[in-house]
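Heads up, the thing below is written out as structure tokens.
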């Protein structure tokens, strides 16, 4: 269909450019998060992430050492180099000042007049001369703005993983996800086989029930099921959340798998039955291996869903910090206690979305297939 | 014992238990209850065939009944009781709720979400699907636009905080305003409009879903219809709106309703972005305010959500029945 009449070169250009624009708009927020997660927290606050490859003008304060003061012609003088004192990566002075109220009022090379006839001169390379008619008793402050080179590091990740307990939350998420992904698959596969290939009264009714349950809002189950868990002694625990995720995932699992199994070639299954295979054998030896793509689709869905879930984890897991999963940790803890610490927030968010993104990009084929089987008929 | 180890043991026990159940129950059925003995062999095989589907279905049906069917009734019943679940109070929870201005705000906001998000996501998804259809790098573009599907709502909220932040050195919106010399505004505190900024996040996530499905539907359109229209002199816009869209209308409706259902479940975005402040509450987040505090009210909200979903559920079931015939 590429060379049919009606496609115009100009239009192709418009299409290309609009798709590029759309993709850029779609990616910008995520790229911003990723870039920010590697930046120094002081730099994040004063220069935007899209300017991060460039040096940043930051304000610093240093102290001249009063002990180095020497007396020349009745005037006390301190000489030295700001950068020699260390403490930052800055290399050249953009502006300076001797008063807290006016930290960047003078250009390099100028002489700033301070109170009580004191003066301060700072060169671009950081050399300074501080003069005072009276004896200098306290270390005078020097304020300056300097260009600092871009500062990328893994510090945010290190901090979030060590001091903020995100590693614990990561393990918790993994703990919730693995059983909650695997267990429903098997249960659903048997049910889907029965609904696809076994004749029994009430089959259509059950399929209709599954389709109906697909859209039942999760919210309905929260209160009664928590009550039930408390009643049977499971309470708020991992066992509870595994069971809950299993229950909530089943309608989609059964629906997807049944749709797929119905499409399997009838001849194979019937000839196996003629050869004397029981339903159990047909299922385990033929249908299950052939249904692998559908099983993979559902596994990815369920994995993404349980990994990313906040609601079920908030209700069915205990609300102490020991058992927070990553989504709860971010939403209930970090956004409050570290609300302004953008580097830490970005690193935390990226840790929580890294695994789903890897799964997404490596197994996209199955995900797409699952979506299509689940929605288009 | 570390919870992760506990989890792995659960996987083994769970999977082993399932396999064991299915294997043993089939074995017992065939060998003990209805053994194909000489004499009534045929009858026993028939009886076993009648019972077997229910063996296959039992674990799933049990879990479904417990976790999804019973809660519909259980929630409704609970919503007719007071906070401590000690007294039957009829529809009092509902009447106090409907009179509550917080509920009214949440209801109206939710209504806007239902109008805007499915429409926005479906429209953008259709647009991307059509634009990338003939593109040599279309699959890469689609994959990138599909990507937010993998990101949690909480993660997406954090990502968009970097767009909406008040500080012009962090938030893109305020950086643009700053560029034009305007004062920074906190867009999440702008009454009324803040809802739309939150909806953008969900549209951003769901466009990929709409795109994937509509893209497949577009591919399924018979080429003859498009060629015939072009030969008859239709321009590309006419081809799209008069030939393609009507043919995939059924799929568009499916995508639209699926996203509508999703909108009624998502509380994470509001919860993580504004906590329901600044009049951004929607029903799912409004419900979470009462969760653990007043279960009677919480279940009443949940049941209202159920009622809103009900027409879609009935429509889905009717569609499914039609397809099976």
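For the criterion of being touching a strand residue (DSSP E or B) at 6+ places or on another chain (Cβ under 7 Å) and either more than 9 Å from chain A (Cβ to nearest Cβ) or at pLDDT 85 or above (or both), residue B:89 passes.
Of all residues in the stretch A:115-138, which are surrounded by fewer than 19 Cβ atoms within 10 Å (Cβ to Cβ) and under 19 Å from residue A:59 (Cα atoms)? Walk me through it before giving the result.
Step one: list which residues in the stretch A:115-138 are surrounded by fewer than 19 Cβ atoms within 10 Å (Cβ to Cβ), which gives A:115-119, A:121, A:123-125, A:127, A:129, A:133-135, A:137-138.
A:121, A:123, A:124, A:125, A:127 - these are the residues of the stretch A:115-138 that are surrounded by fewer than 19 Cβ atoms within 10 Å (Cβ to Cβ) and under 19 Å from residue A:59 (Cα atoms).
Of the residues B:48, B:99, the single one that is surrounded by 16 or more Cβ atoms within 10 Å (Cβ to Cβ) and either under 28 Å from the mean Cα position of the chain (by Cα) or over 30 Å from residue A:322 (Cα atoms) (or both) is B:48. Annotation for the stretch B:37-46: no member residue is in a helix (DSSP H, G or I) and touching a residue at least 12 places away in the same chain (Cβ under 8 Å).
Is it true that some residue in the stretch A:302-320 is assigned to a helix (DSSP H, G or I) and at pLDDT below 90? No, there is no match, as no residue in the stretch A:302-320 is assigned to a helix (DSSP H, G or I) and at pLDDT below 90. If you check A:214, A:222 for being assigned by TED's automatic domain parsing to the domain that holds residue A:324 and closer than 20 Å to residue B:311 by Cα, only one passes: A:214. Name the single residue, out of those in the stretch B:191-220 being outside any helix (DSSP H, G or I) and farther than 17 Å from residue A:369 by Cβ, that is nearest to the chain's Cα centre (by Cα). This residue is B:192.
When B:210, B:228 are checked against the criterion of being at pLDDT 90 or above, more than 8 Å from chain A (Cβ to nearest Cβ) and out of contact with any helix residue (DSSP H, G or I) (no Cβ under 6 Å at 6 or more places or on another chain), B:228 stands alone in meeting it. In the stretch B:230-248, the residues that are more than 26 Å from residue A:372 (Cα to Cα) form Cβ pairs under 6 Å with partners that are part of a loop (DSSP other than H, G, I, E, B), at six or more places apart or across chains, as follows: B:230/A:5; B:230/A:6. Taking the listed residues A:52, A:47, the one that is within 12 Å of another protein chain (Cβ to nearest Cβ) and free of Cβ contacts under 8 Å to residues at least 24 places away in the same chain is A:47, with no other qualifying.
Please verify whether residue B:27 is within 31 Å of the chain's Cα centre (by Cα) and either within 21 Å of residue A:194 (Cβ to Cβ) or within 7 Å of chain A (Cβ to nearest Cβ) (or both), treating the condition exactly as stated. Spelling it out, it is not the case that residue B:27 is within 31 Å of the chain's Cα centre (by Cα) and either within 21 Å of residue A:194 (Cβ to Cβ) or within 7 Å of chain A (Cβ to nearest Cβ) (or both).
Of all residues in the stretch B:226-237, those satisfying the criterion of being in a helix (DSSP H, G or I) and exposed (fewer than 14 other Cβ atoms within 10 Å of the Cβ) are B:228, B:231, B:237.
Checking the structure you have, find out if any residue of the stretch A:337-346 is part of a helix (DSSP H, G or I), surrounded by fewer than 22 Cβ atoms within 10 Å (Cβ to Cβ) and more than 9 Å from chain B (Cβ to nearest Cβ). Yes, some residue in the stretch A:337-346 is part of a helix (DSSP H, G or I), surrounded by fewer than 22 Cβ atoms within 10 Å (Cβ to Cβ) and more than 9 Å from chain B (Cβ to nearest Cβ).
The values are calculated or read from the model by the stated rules, or taken from the named source; none is laboratory data. In this text the structure is predicted, and so the values were computed from the model without any measurement. Cβ: placed from backbone, ideal geometry, glycine included. Neighbour counts: every protein chain shown.
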